[in-house]
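Quick note: the coordinates plus some simple rules give every number you see, no bench work behind them. What you see is a predicted model, and the numbers here were worked out from it, not measured in a lab. Here the Cβ is made from the backbone with ideal geometry for all residues, glycine too, and neighbour counts use every protein chain on show.
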Amino acid sequence: MRIVLAGTGSAVGKTTISTGIMKALSEEYKIQPFKAGPDYIDTSYHTLATGNDSRNLDSFFMSEGQIRTSYERGIKTVKADFGIIEGVRGLYEGISPIEDVGNTASIAKALDAPVILIINARSLVKSAAAIVIGFNTLDPIIKIEGVILNQVKNKRHYLKTKKAIETLARIDVIGGIKRDDAIKVEQRHLGLVPAVERQNLLDYIEKWGDVIKENIDLDALISMMKDTGKLPQGREDTWREENHKKVEIGVAMDEVFNFYYTENLEALKANNARIVPFSPFKDEKVPDVDGIYFGGGYPEIFAKELESNHSMRKSVFKFYDEERPIYGECGGLMYLSNSINARKMCGIFNYESEMTKNVQGLSYVVAETQKDNPITKKGDVFRGHEFHYSKVLIHGKPDFAFKILRGRGIKGELDGLIRKKTVGSYMHTHTAACPQFASNFTRCAGD
């Protein structure tokens with residue numbers, strides 16, 4: 001009862017088509033959406049389309065057993081009829097030129113899921129068949145059961161390309177989407193604009209769903225999902241449950257901070273935490289909680305508003321000064337610094353942060369803990385992901401919690417600025433890749 005929607009590469013329309021399919025099918029079925037890879041923004045579109053929190057499946061973060069555990073948890077949580085997984089980049093693109101770690105194919109294999117291949121068909125006819133043949137024969141374990149053509153010129157172009165693929169590659173083409181600027185998605189330096197910022201996004205998603213219903217054979221898609229068998233055997237836990245004291249964790253959730261993995265929040269709850277959402281953008285002060293989690297987002301876009309909220313910044317600093325635990329990821333790290341592009345922030349870390357024209361970090365990360373901190377202990381090795389166009393201007397010899405074994409971090413091979421019980425990092429963690437994250441943070445909050 002599952003399908004993987006994969007692309008031949010980036011920018012072929014995966015998110016628009018996947019979100020449209022999720023929206024169209026959600027009118028009749030309960031759909032649980034997933035995203036291959038570490039992306040936060042595509043998942044926000046899925047969630048808006050289906051009403052169910054989208055989840056990430058990533059073979060750099062997760063073992064095959066954890067992928068299956070995460071998938072099953074998502075399905076069971078909402079009692080979904082179908083699981084739909086949007087791929088990342090091209091079907092076979094990962095961190096290795098020959099292996100599968102970090103690619104969409106690894107997710108399809110772990111779940112024994114059929115694949116629908118999405119192709120940008122602009123200026124292609126017979127060559128589209130060659131592309132499908134190549135993708136279908138590269139790995140015999142991958143089951144490509146259908147093709148969707150995007151960017152077709154007209155009906156004649158669609159029918160010719162469909163005939164080429166079905167005759168030469170012997171795989172069904174289940175639909176084609178005409179070129180239409182009206183269904184393009186607004187972009188930003190980290191990708192698409194998050195759903196929480198786009199007031200009219202639901203109107204776009206409604207339109208995408210209508211386009212899908214008009215142009216894709218959804219009955220064929222449903223039939224493919226119904227034909228899938230049971231998930232392969234083998235399960236592994238994605239977090240530890242070691243905190244038995246009830247705590248309250250404030251989580252910054254608003255237009256500024258909204259990059260969170262669903263399972264990170266579930267892991268906190270499984271460790272006896274009550275999640276208390278708050279807005280550094282709009283609220284006057286930190287709520288009465290035991291610990292604070294600042295996720296990633298776009299604080300640089302809202303730097304003026306964050307600077308203007310003096311009472312919140314003062315409240316966050318007071319929370320730090322009282323030696324209560326704070327964890328900040330990427331955008332959260334920037335907010336905890338002295339400033340963002342000269343706009344005053346919380347001042348916990350006595351360094352400035354600034355945006356740059358070029359990407360500063362785009363990589364899967366492996367880190368080794370050098371100093372105990374609210375989320376890991378000395379000697380722990382864990383994984384994460386970084387993607388940022390900012391840098392923190394370090395001077396002197398600050399304390400760092402992490403040594404970066406793979407990736408860039410804040411400075412050289414160092415990441416995880418630490419001061420009292422506050423730690424800020426450019427690395428985004430996922431509970432499957434850092435199973436002790438939630439239990440350590442909740443225990444620290446309960447001390």
Legend entry - region 334-447 shape via C-alpha gyration tensor axes, a/c threshold 1.5: oblate
Inset, instruction - May I ask for the equivalent-ellipsoid semi-axes of the chain, computed as the square root of five times each C-alpha gyration tensor eigenvalue and listed largest first in whole Å? - result: 40, 22, 20
Legend entry - Packing rank of 263-275, 38-50, where each peptide gets the mean count of other beta carbons within 10 Å, highest leading: 38-50, 263-275
Legend entry - DSSP-defined beta bridges in region 287-361 - what % are antiparallel, rounded to 5: 25
Inset, instruction - Only Cα pairs under 8 Å and at least 6 apart count here; give the relative contact order of the chain as a rounded whole percent. - result: 14
Inset, instruction - Arrange the following residues from fewest to most other Cβ atoms within 10 Å of their Cβ: F82, F349, F317. - result: F317, F82, F349
Inset, instruction - Give me the distance in nm between label points sitting 7 Å out from Cα along the Cα-to-Cβ direction at R122 and K230, one decimal. - result: 4.7
Inset, instruction - Report, in cubic angstrom per residue, the convex hull volume of the C-alpha atoms of region 247-446. - result: 98
Legend entry - Relative packing of peptides 2-15, 120-133 - highest average C-beta neighbours within 10 Å first: 2-15, 120-133
Inset, instruction - Enumerate lysine pairs in region 56-170 that are 8 or more residues apart or on different chains, then count those whose Cα atoms are under 19 Å apart. - result: 10
Inset, instruction - With a ≥ b ≥ c taken as the square roots of the eigenvalues of the C-alpha gyration tensor of region 47-113, please select rounded if a/c is under 1.5 and otherwise prolate if a/b is larger than b/c or oblate if it is not? - result: prolate
Legend entry - Of Y293, Y389, Y158, the one that fluctuates the most in a GNM where the chain has Cα springs shorter than 10 Å: Y389
Legend entry - At R0 = 51 Å, FRET efficiency that the Cβ-Cβ distance of D219 and E368 yields, to 0.05: 0.50
Inset, instruction - Can you tell me how much longer the chain between I141 and E206 gets when fully stretched, taken as 0.36 nm per residue apart minus their C-alpha distance, in nm with one decimal? - result: 19.9 nm
Legend entry - region 2-226: mean projected area of Cα convex hull, nm²: 11.4
Inset, instruction - Take each of the peptides 59-69, 200-210, average the number of other beta-carbon atoms within 10 Å over its residues, and list them starting from the highest. - result: 59-69, 200-210
Legend entry - Relative contact order %, region 1-142, counting alpha carbon pairs below 8 Å whose residues are six or more apart: 33
Inset, instruction - Just need the Rg to Rh number for region 366-413, please, alpha carbons only, Kirkwood Rh. - result: 0.96
Legend entry - Proximal lysines relative to K421, as straight alpha-carbon distance under 16 Å, when same-chain residues fewer than 8 apart are discounted: K318, K371, K377, K378
Legend entry - Cut-off 18 Å, label 7 Å out along Cα→Cβ of K420, residues of region 289-313 by amide N: 289-294, 311-313
Inset, instruction - May I ask what percent, to the nearest 5, of DSSP beta bridges between residues of the chain are antiparallel? - result: 40
Legend entry - Potential extension, N341-S96 segment - 0.36 nm per residue separation minus Cα distance: 84.6 nm
Legend entry - K378 paired with R406, simple spin-label distance in nm, labels 7 Å along Cα-to-beta-carbon: 2.6
Inset, instruction - Could you tell me how many degrees, from 0 to 90 and to the nearest 10, lie between the Cα long axis of helix 310-321 and the main elongation axis, the longest principal axis, of the Cα atoms of the chain? - result: 70
Inset, instruction - Round to the nearest 0.05 the FRET efficiency obtained for V276 and K155 when R0 = 35 Å and r is the Cβ-Cβ distance. - result: 0.05
Inset, instruction - Grab the beta carbon distance between Q360 and H395, set R0 = 25 Å, and tell me the FRET efficiency rounded to 0.05. - result: 0.90
